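None of the figures in this text is laboratory data; all of them are computed from the coordinates on show. No experiment lies behind these values; they were computed from the predicted model shown. Note that each Cβ is placed from the backbone with ideal geometry, even for glycine, and that neighbours are counted across all protein chains shown.
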Amino acid sequence: MRVLLDTHTLLWWIAEDARLSPRARDVMADGRNVLLVSAASGWEIAIKVGLGRIELPRPIAAFLSEQLRQNQMDVLPVQMSHALRVQELPPLHRDPFDRMLVAQSQLERLPILTADPSIARYDAEVVW
């Protein structure tokens, strides 16, 4: 299965956070699955690091590159079609990063691994 990780899912996996559901943990640990991290998640993490809301043990570029490699995760680039799809989404969620993930999920036909109940309100497959 190919699955798109929400930003918090990526961070919780890295931190071995107990908030990660057993189902999410199983999906992420299954080496047959392709784990995708949106470039939008990198952007979101960079903003939060810059605002002091997230602390990382190393500079963000080195840290994320290392984590993606260690966890065998691939990057899903943000395409123009993804950006334009956001405009078509109903205003169920105000977070622009989550709206981008929903757009990517819909266009790429990817389930999203997320605990966010607002994302589940969209026409997107959620795994949690």
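Taking label positions 7 Å along the Cα-Cβ direction at both residue 86 and residue 109, the computed distance is 2.5 nm, reported to one decimal. Here r is the Cβ-Cβ distance between residue 29 and residue 79 and R0 is 22 Å; the resulting FRET efficiency, rounded to 0.05, is 0.15.
Evaluated at q = 0.10, 0.14, 0.21, 0.24 Å⁻¹, a Debye calculation over the C-alpha positions of region 1-108 (equal weights, vacuum) places log10 I(q)/I(0) at -0.29, -0.58, -1.25, -1.45.
Can you pull out the GluC sites (Glu not before Pro) in region 1-110 whose DSSP state is coil and whose Cβ has at most 14 other Cβ atoms within 10 Å? Before the final figure, lay out the partial values.
Numbers: sites: 16, 44, 55, 66, 88, 108; in loops: 16, 55.
Passing both the DSSP loop test and the Cβ count: 16, 55.
Mind giving me the FRET efficiency for residue 1 and residue 53? R0 is 22 Å, r the Cβ-Cβ distance, nearest 0.05 is fine. It would help to have the intermediate numbers written out before the result.
Numbers: r = 31 Å, r/R0 = 1.41.
So, using R0 = 22 Å, E works out to roughly 0.10.
Any idea what diffusion coefficient region 46-128 gets from Stokes-Einstein, in µm²/s, Kirkwood Rh on alpha carbon pairs, 4 °C, 1.567 mPa s?
Values: Rh = 14.3 Å.
Translational diffusion coefficient: 90 µm²/s.
The helix-only estimate of mean residue ellipticity at 222 nm for the chain, built from DSSP H runs of length n ≥ 4 each weighted as -39500 (n - 2.57), is -13500 deg cm²/dmol after division by the residue total.
Label separation (residue 71 vs residue 120): 2.1 nm, computed from points 7 Å beyond Cα along the C-beta direction.
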